[in-house]
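Enquirer: I have a structure I would like to understand better, so I am pasting it below and will then ask my questions one at a time.
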Amino acid sequence: MEENFDAFKHIFEELIPFNKFLGMKLLEIEKDFAKAILPFKPEFIGDPRANRLHGGISATLIDVIGGIVAMTALESFDDKIATVDMRIDYLRPGKALDVIGESRIIRRGSRLVVTEMKLYHAENPTILLAVGKGVYSVKKANDDC
């Protein structure tokens, strides 16, 4: 599918209610690569004593950014994707700051797309907060299976 930033941005930010609720913004998307930001909100704190992000916020961004890059493997916006499996390794605690997620496709198949993702604070892309891998199923719009 030919990449169209405005269409992907609209889907990512406006048509997926959960992304809109969290305030996620798509920064870049091209074949096999995507980048998004999750602007910090106080509601994202999981440990108020240390002012650290909840691990579920990191896992959510890992899944969402993996899903949007998997969409670049689709032939049509009518095709569907769904998360089959996801793994996350937390490397260090997230601070009360904006988080960037990047994702790449590492394998495209006819039924599955495998991605790898990484998270870091917007202020320092060299220090990773988490890394992950995702597997997404692909269902073609014209597929009767």
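Enquirer: If a residue has to be more than 18 Å from Val131 (Cβ to Cβ) and under 20 Å from the mean Cα position of the chain (by Cα) to count, how many in region 34-45 make the cut? Outline the logic, then answer.
Expert: Filtering region 34-45 down to residues more than 18 Å from Val131 (Cβ to Cβ) leaves 39-45.
If we keep only those that are under 20 Å from the mean Cα position of the chain (by Cα) too, we end up with 39-41, 43-45.
Total satisfying the criteria: 6.
Enquirer: Please find, within region 82-102, the residue that is surrounded by the fewest Cβ atoms within 10 Å (Cβ to Cβ) out of those that are within 23 Å of Ala141 (Cβ to Cβ) and under 13 Å from the mean Cα position of the chain (by Cα).
Expert: Top of the filtered list is Ala82.
Enquirer: Separate question: Please state which one of Ser76, Ser110, Ser137 is among the polar types (S, T, N, Q) and at pLDDT 95 or above. Even if it seems obvious, please write down each step before you answer.
Expert: Working: Ser76 fails: at pLDDT 95 or above; Ser110 fails: at pLDDT 95 or above.
Residue meeting the stated conditions: Ser137.
Enquirer: Then there is this: Determine which member of the set Gly46, Gly101, Gly55, Gly23 is within 18 Å of Ile127 (Cβ to Cβ) and in contact with a Leu (Cβ under 9 Å, 6 or more places away or on another chain). Reasoning before the result, please.
Expert: Values: Gly46 fails: within 18 Å of Ile127 (Cβ to Cβ); Gly55 fails: in contact with a Leu (Cβ under 9 Å, 6 or more places away or on another chain); Gly23 fails: within 18 Å of Ile127 (Cβ to Cβ).
Gly101 is the lone residue from the list that is within 18 Å of Ile127 (Cβ to Cβ) and in contact with a Leu (Cβ under 9 Å, 6 or more places away or on another chain).
Enquirer: State whether the residues of region 2-11 include one that is aromatic (Phe, Trp, Tyr) and under 16 Å from the mean Cα position of the chain (by Cα). Before you say what the answer is, go through the steps one by one.
Expert: Kept after step one, since they are aromatic (Phe, Trp, Tyr), are these residues of region 2-11: 5, 8.
Those still in the list that are under 16 Å from the mean Cα position of the chain (by Cα) too: 5, 8.
Yes, there is a match, as at least one residue in region 2-11 is aromatic (Phe, Trp, Tyr) and under 16 Å from the mean Cα position of the chain (by Cα).
Enquirer: Across region 85-126, what is the total count of residues that are in contact with a Phe, Trp or Tyr (Cβ under 6 Å, 6 or more places away or on another chain), part of a strand (DSSP E or B) and of a type in the set (A, V, I, L, M)?
Expert: Final tally of qualifying residues: 2.
Enquirer: Looking at this structure, is Ala50 of a type in the set (A, V, I, L, M), in contact with a Phe, Trp or Tyr (Cβ under 8 Å, 6 or more places away or on another chain) and touching a residue at least 12 places away in the same chain (Cβ under 8 Å)? I'd like the intermediate steps shown before the answer.
Expert: Details: of a type in the set (A, V, I, L, M): yes; in contact with a Phe, Trp or Tyr (Cβ under 8 Å, 6 or more places away or on another chain): no; touching a residue at least 12 places away in the same chain (Cβ under 8 Å): yes.
No.
The values are calculated or read from the model by the stated rules, or taken from the named source; none is laboratory data. Not measured: the values here are computed from a predicted model. Virtual Cβ from ideal backbone geometry, glycine too; neighbours counted across all protein chains shown.
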